[in-house]
Structure formats: C-alpha cells, structure tokens
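Encoded as structure tokens, the structure appears first; notes follow it.
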Amino acid sequence: MIRQLFILSSKGDPLLFKDFRGEAGDDVVNVFYQKVTALPGDQPPVVMAFRDLHFLHVRQGGLYWVATTTADASPFTIIEFLNRLAALVKDYCGGLSEKSVQMNFALIYELLDEVLDYGYIQTTSSDMLRNFLQSEAVSSRPFSLFDLSNVGLFGADTQQSKVAPSSAAARPIQAGREQGGRSEIFVDVVERMSVVVGSNGVLMKADVEGEIRIKCFMPSCSEIRIGLNEELSIGKSQLRGYGAAVRVDGCSFHQGVRLDEFDSHRILRLCPSQGEQTVMQYQLTDDLPTAPPFRLFPTIERDGTGRLILFLKLRCDLPPKSSAVNVCASVPVPKGAVSLSQELSSPDQSAELQSQNRAVAWQIPRLAGGTQLSALFKLDVPGLSSASMLEVGPVGLSFELPKFTATGLQIRFLRLSPVQPAPSQRWVRYVTHSDSYSIRI
C-alpha cells in the first residue's frame, strides 16, 4: 500500500526516510518538496501526483509527514494513518518538533517497523505497541532532581506547586523516573471560536467547536470517570437543572467511552490507553452564553498631510480575574502603504507594518479582563483617496484565553476506579483559542 514514508522539516531537510518496497528510484524527497514549494499559497493539496506515484502528506508540528503510494490505494486511509502516526510519535517522544524527531530517530524507526509491514498498516494502538518497543525516548528537557523552584521552607509545597506548567504533559508516555515519569492524568478542555462582529458592534455570527482531550501516564489505570456540568444540555429543546444552563448543539464521543451514566448524571467512563486521545467533541452555533470576549472601537480619518490615521481602542469583556494572552490584531490597510508611525498605550505592546500582507499587526502580550488598550497608527499612503480608505478592515483578532471556556463547560470531577495504590496527580486545563475572529469597521 505505502511505498515510501518520510518526514521533512519546514525547510525541506529530510529527518527520516524509509523505503518499504525497495523501489525508491528517483529522489522522491526533492521531488515532493519542489512540488510543494512551487504551489501558490500556504495550503498545498494533500494529494499530488508525479508519474506513477502519488504523494500524500499532512502538516503536524511544523513538519511534513509524507507517504507515497500507487493509484490503487485509498487516500483517506493513508491520510488518517499519517495523522495517527504523528500522534504516536508525539506520545512516545513527548512532543512534535524537528529536534524531538532528530533525537529519537532510532525509536521512530522501531515504531515504523511495528506499525507497517512491507508498506501495509498493522496497528496504531499504543497499548499493543508498548509491548514491542525496546528503545527509550530521549527528552530534550530532562528532569532534574536539583530543581527546587517549587519547594518552600523545610520542604513545604509552595502555591506554584499546585499548578502544573504548560509543558508538563510534553513528555514520553514511557518516561522513567529520571525523566520525570510520574503517575499523572492531564485533561484539556480546548475550544475554538469563530466570531463575526458587525461595524455597529452587533454580533453577526458566533460558533464554538470544542473537545475534551486526555493524556494518560498511568499504565495500571483501569477506569476513569469524568463528570461534566450536571445542567449540560444537548440540543436547543433539551433543558436540565435549575441553574444557568450550559448548552451545546451536538457532540460525539470516542469509541471507547461508555455512556451508561451520561444521560442521567453527565458522567463519561473510559479505560484510557497511555498517550493522548480525544474523549469528546462538541459544537455550539450562534448562541454564546456570554458576550464576545473583545469589543473594538475604531476611528479612521485622513489628516491634512494626506496620511491615514487609525485610532483603535480594544476592550476586553472577560471577567476581571481572567485575561487574554498572545493577542494580535491584524488591520488590513490600503495598497501602497510605505511607512508606519505609532503611539501605543503601554510599553509592552508592539506594532509593525507587514507589506506582504498589506496589514498592520498590533501585538499585545497580555490583556486583563475589564480593561482596555489603545493604539494610534499613522500611515503614509501615496495617492490616498476616499476609495482606498475603504480597503481598511475588517480587523482579525487572534488570541488565547487560559482558564476560560466560551460555552461554560466544566469538569466537575475526575476519579480513578479502582483507587490507585501509588500516589497519582490529576490536572485539568481550560483554554479557548481564536479560530476566526473578525470585526468589521
């Protein structure tokens, strides 16, 4: 089915190559990269043809995961396999990056020998593969016994030790104690927002897609019980509880999730395998329970010297204890803008004129809830006219909202059954990303 499989960096450097049929012939790696880079745009097609070969690829972790095959193979099967292979490498190596692949090439080759036999897919189950893999992962950030940053006076835990760092789950699933291997379970509730706000500030579209992901580092865990909001309603006609309802339009579950108690108590039961898996996916359309997280107040005018004046005031409508990080507002500007002068309301902000994208990018590292920031931009645009001023906008926002979910979905509890004899830790994280957040001006 699969003739060759290789992994390339974003610059086209081959990190791994395996020929299952001994039919490599031409330099397929260079042929693939030349075809990808010759295509316009940032999203090349996942299937490309060259003579009697078909290239199928996915982008994961900034790398190209490529398989070559003939015309009689199912492209959907191979694309799904490449995604699962990337997930396996992430589980066994602790992350997806050029460095992690280079440091663990022996483990990845051993993984490919078990996953594929003469180009035919055998299994992608981490539970089965862990019985055959002998190589140990090499972590780029090894665990240090001398790291005392979370230890207080006389060995007491500090407040910082109650919160796991964002990179805590980025380690191999078979990590030993010397690599920080502990019995831990990480549960992520991740949501992506697609919002369109009109020029008058009226919400025109609001879609949310979310998922509950779990990464397990407990080889002896038999069952996990995840409790969601008791008032969670699915569909517009179903209402539960007496408090503020948490509603989603639809949801789907992993095939290993047991739903015996879901209808009555909103409890998910599963026996997770080591590694990462998506337990539940859900969506909400055109009905946010709260106001959108951001409101923009723009002013556009032309001064006496013919320069374009943009005054933007960005307000964060999150609760006061919440905040947005890595906020970037991209403002399209007229064609031909040559220079930018700026006045920002705080020193940690930055802005630049991106000539290729014809946009001004306003970067805000952190924006607390209930606060607002402003920026004044002056652009030199030769031949600025009233028609060219119509090219300004819409403003696109990208951001990350930690400890926040747009739907209000929460994890009530996370229990292990039976109770583990060894000490274990359970971590839950909430985060909302911007998928497409557009504000018309």
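No value in this document is a laboratory result; all are computed from the given coordinates. No experiment lies behind these values; they were computed from the predicted model shown. We place every Cβ from the backbone using ideal geometry, glycine too, and count neighbours over all the protein chains shown.
Computed over the Cα atoms, what is the radius of gyration of the stretch 2-130 divided by 2.2 N^0.38 Å, N being its residue count?
0.99
Report the label-to-label distance for S199 and E230 in nanometres (one decimal), using points 7 Å from each Cα along the Cα→Cβ vector.
About 5.0 nm separates the two model spin labels.
For K205, give me every one of the lysines with a C-alpha distance below 18 angstrom, ignoring sequence neighbours fewer than eight places off in its own chain.
Straight-line reach from K205, under 18 Å: K236.
Based on the alpha-carbon gyration tensor of the stretch 69-109 and its eigenvalue square roots a ≥ b ≥ c, which shape applies: rounded if a/c is under 1.5, prolate if not and a/b is larger than b/c, or oblate?
prolate
Above 14 angstrom, tally the Cα pairs of the stretch 378-441 and express them as a % of all pairs, no decimals.
Of all Cα-Cα distances in the stretch 378-441, 75 percent exceed 14 Å.
Which pairs break 22 Å Cα to Cα here: K99/K403; K90/K403; K11/K99; K335/K378?
K99/K403; K90/K403
Please compute the modelled spin-label separation between K35 and Y120, points set 7 Å along Cα→Cβ, answer in nm with one decimal.
2.6
What FRET efficiency, computed as 1/(1 + (r/R0)^6) with R0 = 51 Å and r the Cβ-Cβ distance, is obtained for L376 and V190, rounded to the nearest 0.05? Don't jump to the answer; show the numbers that get you there.
Details: r = 35 Å, r/R0 = 0.69.
Once the sixth-power term is evaluated, E becomes 0.90.
Going by a ≥ b ≥ c, the root eigenvalues of the Cα gyration tensor, does the stretch 202-339 fall in the rounded group (a/c under 1.5), the prolate group (a/b larger than b/c) or the oblate group?
Cα axes put the stretch 202-339 in the prolate bin.
Run down the aspartates and glutamates and flag those whose C-alpha is under 14 Å from the C-alpha of K215, throwing out any fewer than 8 positions away in its chain.
Partners within reach: D91, D127, E184, D188, E223, E276.
Which residues in the stretch 1-16 place their backbone N less than 18 Å from a point set 7 Å from the Cα of V47 along the Cα-to-Cβ direction?
From the stretch 1-16, the list is 1-4.
Tell me, what is the FRET efficiency for R315 and F17 to the nearest 0.05, using R0 = 35 angstrom and their Cβ-Cβ distance as r? Write out the running numbers ahead of the final one.
On the way: r = 52 Å, r/R0 = 1.48.
The computed FRET efficiency comes out at 0.10.
Compute and list, largest first, the equivalent-ellipsoid semi-axes of the stretch 294-402 from the alpha carbon gyration tensor, each √(5λ) rounded to a whole angstrom.
Computed over the stretch 294-402, the values are 27, 13, 12 Å.
Could I have the simple spin-label model distance between L259 and Q410, label points 7 Å from Cα toward Cβ, reported in nm to one decimal?
About 2.5 nm, to one decimal.
Could you calculate the contour length gain from R84 to R366, that is, 0.36 nm times the residue separation minus the distance between their Cα atoms, to one decimal place in nm?
So the chain would gain 98.1 nm between R84 and R366.
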